[in-house]
Amino acid sequence: MQKWYEGLETPEERLYEESVGKVKDGVLKQGLSFDEAGALLDIGDAELRSAVLDDALKVLMAELHFAGKKPLKEVAERLGLPVERLEKAEKEMLEDVKKAAIEKFKTTMNMTGHNGR
C-alpha cells in the first residue's frame, strides 16, 4: 500500500526511511545484531548514516523495550550492544519527548491567547 506522502519526500528522506527499515528488518526479521544490520547499509554520507543508525536504534528500543516491555539489558544482548549505549539512547529519547512536550505546550498557550504575561 502506498503511503500518502510517497513521492513528496526528497531522495535523501527516502533513503533515510528505507535505511531505518532495513536495519530494523535485519534485526527483527533476519536475527542480525545491530552492527550486522547496520553493515547492510549503503550510505556514503557519514552524517546521514549516523542519523539512520541513531534513529534505527531508538525505533528498535521503542519496540523491544518500551512496547515489548523487555528489560534494557535483554534488549542490549539481543542487539549485541553494550547496555550503556542503550542507556544513552534512552536518555536522548526521553529528552526528545520532554522538548516536544514543552514545544507543544508553548504552541497551545499561544493558540489559546496566553502570551506569558
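The values are calculated or read from the model by the stated rules, or taken from the named source; none is laboratory data. Note that the structure is predicted; figures quoted are calculated from it, not measured. Cβ: placed from backbone, ideal geometry, glycine included. Neighbour counts: every protein chain shown.
Does segment 14-36 contain at least one residue that is touching a helix residue (DSSP H, G or I) at 6+ places or on another chain (Cβ under 8 Å), part of a helix (DSSP H, G or I) and of a type in the set (Ser, Thr, Tyr)? Yes, some residue in segment 14-36 is touching a helix residue (DSSP H, G or I) at 6+ places or on another chain (Cβ under 8 Å), part of a helix (DSSP H, G or I) and of a type in the set (Ser, Thr, Tyr).
This table checks each residue for (1) modelled with pLDDT of 95 or more; (2) aliphatic (A, V, I, L, M).
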| residue | (1), (2) |
| --- | --- |
| 25 | yes, no |
| 32 | yes, yes |
| 35 | yes, no |
| 45 | no, no |
| 60 | yes, yes |
| 75 | yes, yes |
| 82 | yes, no |
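It is to be established whether one or more residues within segment 77-94 are free of Cβ contacts under 8 Å to residues at least 12 places away in the same chain, surrounded by fewer than 17 Cβ atoms within 10 Å (Cβ to Cβ) and within 14 Å of residue 27 (Cα to Cα). Within segment 77-94, one or more residues are free of Cβ contacts under 8 Å to residues at least 12 places away in the same chain, surrounded by fewer than 17 Cβ atoms within 10 Å (Cβ to Cβ) and within 14 Å of residue 27 (Cα to Cα).
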